[in-house]
Every structure is written in structure tokens, then in C-alpha cells.
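Scroll down for the structure; my scribbles are underneath it.
Since every read-out is calculated from the coordinates, none of them should be taken as a lab result. Everything numeric here is computed off the predicted structure, so don't read it as measured data. Virtual Cβ from ideal backbone geometry, glycine too; neighbours counted across all protein chains shown.
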Amino acid sequence: MRFVASADWQLGMTAHYLDDDARPRFQRARLDAVRRLGELATERDAEFVVVCGDVFESNQLDRAIVAQTFEVLRGFSVPVVLLPGNHDALDAASIYDSPAFATSPRQVHVLRDSHVFEVVPGAQLVGAPWFSKSPQTDLVAQACAPLGPTPPGIVRVLVGHGAVSTLNPDREAPDTIDVAGLRAALDAGRADVVVLGDRHSTIEVDERVWYCGTPEVTARREVDPGNALVIDVDPDTRALSVEKVHIGRWAFLTVEETLASRADVDELAARLDRIASKDTTAVWLALSGTLDTAAKAHLDDLVDRAGDLFAKLDYWRREMHLAVLPDENDFADLELSGFAREALDELVSTATSPGPQAGHAQDALGLLYRFAGGEA
């Protein structure tokens, strides 16, 4: 029995951190990733697709997003099973109960409870849907508890969402998924494999317990996003194989560099130039070192110009440890006088003194250098 597992589509997410012109492309890319999941299922002769929670960004979405989702899902040649997660929980305002959802394609199914669901002959799904954003119990363990051994010739998949005990920093949280309990249930034959959502990176928790990851990257902290899982389970021997398939097109990168000269800035420019598919790549710069004002102005000019090509290119302010120390030659050729000269002297003094205003003064010096005609 072969199926495709995915999670955390979060369709409708705003992606506020992207530039205005990139945001619509990113939203479209998430739907395109869903389309590729359907194509993957067809190419691999999968029997069904299961989505392990957070299909939608929230329960309050424009109906157009739901309609666009259904238009894509109508192209799937196999059943698609959706699990409500923390973003789209089965609460009183659930998107799954909205009028927009009434037009869902016939091959779309929602796991609204933990009853055994025969998605296709020979394959059972047991879901652990979320009914609120803050469940007070391990929903996966609760779903698994009443199960008996999987019948001969049947493949049973446990579908959940949330943080597992081996990865969750808050192991005392009541909704933490107990990995030891999952292993015991799997060893007892109550399920063949567990697929999970919530972590946006693809993670093998156990050889039989997997986070699918999001099919399209959503944040720079994600280690291995943009994947789907193609899973094979032999209904007779219970042998399991899991293949990770990359389907994402976007990339979120953190570029770390230590800079000490204009030549280093040029090296950074060359590194950025080598990045392919700039219009689908967001870059955060984490820079350290020391530059003079002229080199920092050159860097700012680089970021401004390259930013026109990338979906996003900006400094990661929290990880910026770049000092700007004015050099006596930085402003020698600018021939400043009067008020401008007084402002320059005050900025230089502030920029080279300890205190919270030094960084602001350094930024202002860079602007002054560029506006006054310094070569960038």
C-alpha cells in the first residue's frame, strides 16, 4: 500500500515578512505545491494523499482561498484526506463547517473524529483532529487507545498533529505527543506508521513515526522544508519504506559573513549573485565584523540594488554584529561645511562612543556619505 503524506499547507498565510510584490507569488506557490502533490501521487501510483493538519492558515479566510484550493484538489486522481490542526481546528468557527466548504470535491475527506476510516479498500486511517487551539490531552494517544491490532491484510495509518515528547521543549504540556506510547502502540500492531504535522521540517522521529514537513518553506528557522513523503507499507509483512521527495520551489536563506573591507563586501555581492531563482528566494543577512563608513555605504547600496531581484533581501537585525567605525579619510573629499560639517562631527563622535545611539549614528553616517556624493 503506497500513499503520499503531507502537512502544514497553511493556505492563506499572509507572509508579512516578504516584500509586497513577492507576497502574491508566495501565496500562489503554496497552491502550486499542492498541485505537485497530486502529480506526485499519480506518478508514484499512490492510493491516497493524507494531510496531517493545518491545511489552512486559520478558520477565518476569504472564501476565494477555499475555492482556489478545491479547484486544485479536483485535479487529484486519488482521495485526499485532511486533518484539522491547531490553525484550522474543529471549533465553533471551523472552516470545515463553513458554507465555502460545502462545495468540496467528492475525493476530499475530513477526519472529524478518531473512528477508523477506510480511505480505500485495504487502508485504514485513524485521525487525531484538533477541536481547539489548546487541547488538554495527548490527542494522538487518545485516538490510539481504543484500537485493537490491525486486521490481516490491512494497512493502518495513525494521523496526528502537534509536538512530540522527544522534540518539544515543553515536555510537561498536556498536548505533547508521547513517543514512548506511540512506539508501544506500533509494537502492539495497533498501527503500521504514524504521520504527523506541526513541525515544518521533515523529521524522522522513529523509523515508523515521521513529521512530513511543509511542502513549501514558511520560515528561515526550518531545517528541511519543502518535502512530501511517499510511504509504502506491505500489508502482509508490515515492512515499511519512507521516501522523502522535495517538491518546494521557494528558499529562505540566512547568509552569514564576517566583513572587514570593501573587498569583503564585493565577495558578499558575488555570493548573492550566485544564488539561483532569486525571485523565489528570501535572504536575511547576518553580518559581523567592522567596516569604515565608505565600505558600509557600499554594502547598503549592494543590499538596495540586489533587493530588487530577490523576493526579500534585508539585514537580520537581531543577528547583525557589524560595527561601523568612521575613517578619517571617509569624508575628506566631500568638502562639507557649516551645518553639514557640524552634523558630521557630532555623528562621528556619537558613532565612536559607547552607548545605545552609536548604531543609529553609524547608519546616519552611511546615509550622509551616500547623499553627499561619496562613491558607493
Using the alpha-carbon atoms, what tilt in degrees (0 to 90, nearest 10) does helix 262-273 show relative to the longest principal axis of the chain?
30 degrees
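Can you give the calculated 222 nm mean residue ellipticity of the chain, where each DSSP H run of n ≥ 4 adds -39,500 (n - 2.57) and the sum is split over every residue, rounded to the nearest 500 deg cm²/dmol?
Helix contribution divided over all residues of the chain: -8500 deg cm²/dmol.
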In what sequence, highest mean first, do 78-89, 177-188 appear when ranked by Cβ atoms within 10 angstrom?
78-89, 177-188
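Mind checking the alpha-carbon convex hull of the stretch 57-132 and giving the volume per residue in Å³? Please list the in-between numbers first.
Working: hull volume 6.4 nm³, N = 76.
Once divided by residue count, the hull of the stretch 57-132 is 85 Å³.
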Just going by the charge dipole of the stretch 2-246, with Lys and Arg at +1 and Asp and Glu at -1 on Cβ, which of Val80, Gly213, Thr176 is farthest out on the positive end?
Val80
Pull up the cross-link candidates among the lysines for Lys296, meaning alpha carbon to alpha carbon under 21 Å and not fewer than 8 places away within one chain.
Lys312
Can you tell me the orientation of helix 23-43 relative to the chain, as the angle in degrees between its alpha-carbon axis and the longest Cα principal axis, to the nearest 10?
40 degrees
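Divide the volume of the convex hull of the Cα atoms of the chain by its number of residues and quote the answer in cubic angstrom per residue.
Values: hull volume 61.1 nm³, N = 376.
Per residue, the Cα convex hull of the chain comes to 163 Å³.
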Relative contact order of the stretch 86-179: what whole-number percent is it, with Cα pairs under 8 angstrom and at least 6 residues apart?
26 percent
Longest to shortest principal axis, alpha-carbon extents of the stretch 172-217, angstrom
36, 26, 12
If Rh is defined by the Kirkwood formula over all Cα pairs and Rg also comes from Cα, what ratio Rg/Rh do you get for the stretch 151-252?
1.00
Surrounding charge for Ala33, neighbours by C-beta under 13 angstrom, Lys/Arg +1, Asp/Glu -1, total +2
Rounded to the nearest 10 degrees, the helix 338-351 long axis (Cα) sits at an angle to the longest Cα principal axis of the chain of 50 degrees
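List the relative contact order of the chain as a percent without decimals, with contacts defined as Cα pairs under 8 Å and 6+ residues apart. Let's see the in-between values first.
Values: 803 pairs, mean separation 50.3, N = 376.
In percent, rounded to a whole number, it is 13.
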Looking at Asn227, His161, Phe339, which one has the Cα that reaches farthest to the positive end of the dipole of the chain (charges on Cβ: Lys, Arg +1; Asp, Glu -1)?
His161
